[in-house]
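Okay, so here's the structure we're looking at.
We did not get these values from a lab; they are worked out from the coordinates using the rules stated. No experiment lies behind these values; they were computed from the predicted model shown. Here the Cβ is made from the backbone with ideal geometry for all residues, glycine too, and neighbour counts use every protein chain on show.
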Amino acid sequence: MGNILNYSGINNESINANLLSLIQELSKNSVPSKTMVKQTIMSSIELLDNALRHGVSQDISIKLELLADGVQITVCNDAKLPDILRLQEIVRGLLRMTKPELNALYLSKLKEGVMSEKGGAGLGIIQVIKNGAKHFSVTYENKLEDVFRCCCIVNFEKIA
Amino acid sequence: MEKKYQVQGTASTPTVDYHVSSGLCTIVGVSTPVDSMDFYHPIIQWVVDAQNEIVTGTKFEFQLNYFNSSSMKALLWLIQQISDLIQEGKQWHLVWVVLEDDEFMLEGGEAIQTLIDSPMEIVSR
């Protein structure tokens, strides 16, 4: 058990791509099951994408930890409080959905949804939960005046 | 000169190899750009512009290891455009390649299958 990756610093499109390449390599060598490797990589892609798109600074962190019963991904970035509260609400709503409901929402957003100004398709968080996240929480703490440090913590469990 | 659209893959974008006369147009690799439409829009435009020169029987193959969800949306737009042209009479084929029984890529291909009007074959390699 322990850290697979612990990065804290600047993120931009180029660093993001390098981080994802690193995550692919490290996950393949450290994460025990093929499904969990894919869950880790696909979910890291979405969480880092969100941090890059919605963060109010380039200061991010990502931690991948191997736990006794799975993998935990923690991605933190600076954000505005209304955006964080909206994200919490979205995550709570998605976690209440059944798998068929999630699939239907995903397909409808894929077909009808529009790209945001920031280039997002509104599918990322749905994708992470659809990937089989067993736990997804959004925490925050005040960092500076109206800037908050927001962390998304996602767990995937080993399939018995 | 033969019309083609080629882009070398990077850490965040796939290799694109589209020719009007080779019979095979491929997108292969990883697709995680932040602005996926910026990457895929020129490909969609190329297909529209070259539609009358792309040979009968051409296979459009998509073989991705990883993609972000905005790429999924952009890929759907590209595949939908090709599908619409097939519906208008072009004799082309859509192929979604799944490597090593990758269940996530299989799910992605199946999602696209349900949203387009033309058949798209899913093959395992």
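What to note about this one:
- Placing +1 on the Cβ of every Lys and Arg and -1 on the Cβ of every Asp and Glu, with no other charges, gives the protein assembly as shown a dipole of roughly 480 debye about its Cα centre.
- Overall dimensions of the protein assembly as shown by Cα: Rg and Dmax, Å: 19.4, 62
- Taken residue by residue and averaged, Cβ atoms of other chains lying within 10 Å of the Cβ of A:7-17 number 2.
- Neighbours of A:Met36 by Cβ distance under 10 Å: Lys/Arg scored +1, Asp/Glu scored -1, total +2.
- On full extension, the segment bounded by A:Glu101 and A:Asn12 gains 28.7 nm, given 0.36 nm per residue less the C-alpha separation.
- Test item: Cα-centred dipole of chain B, Lys/Arg +1 and Asp/Glu -1 on Cβ, debye: 320
- FRET E, pair A:Lys143, A:Asn29, Förster distance 35 Å, beta-carbon r, rounded to 0.05: 0.55
- Kirkwood Rh (inverse of mean 1/r, distinct Cα pairs), segment A:1-69, angstrom: 12.4
- Farthest towards the positive end of the charge dipole of the protein assembly as shown, among the residues B:Trp46, A:Gly70, B:Leu85, is the Cα of A:Gly70, using unit charges on the Cβ of Lys, Arg, Asp and Glu.
- Distance from segment A:21-50 to segment A:75-116 (C-alpha centre basis), Å: 20
- Where N is the number of residues in chain B, Cα Rg divided by 2.2 N^0.38 Å: 0.97
- By the Cβ distance rule of under 4.7 Å, chain A has these cysteines without a partner: A:Cys150, A:Cys152.
- Projected label distance in nm at A:Asn3 and A:Arg92, using a 7 Å step from Cα toward the beta-carbon: 3.2
- Tensor-based shape of segment B:13-59 (alpha-carbon gyration tensor, a/c under 1.5 rounded, otherwise prolate or oblate): oblate
- Each peptide in A:91-102, B:87-98 was scored by the mean count of other Cβ atoms within 10 Å over its residues; highest first, the order is B:87-98, A:91-102.
- Gyration tensor (alpha-carbon) shape descriptor, segment A:2-157, a/c threshold 1.5: rounded
- Lys pairs under 23 Å by Cα in segment A:2-157, provided they are eight or more residues apart or on distinct chains: 28
- Cα-projected label distance for B:Ser124 with B:Val95, points at 7 Å along beta-carbon direction, nm: 1.7
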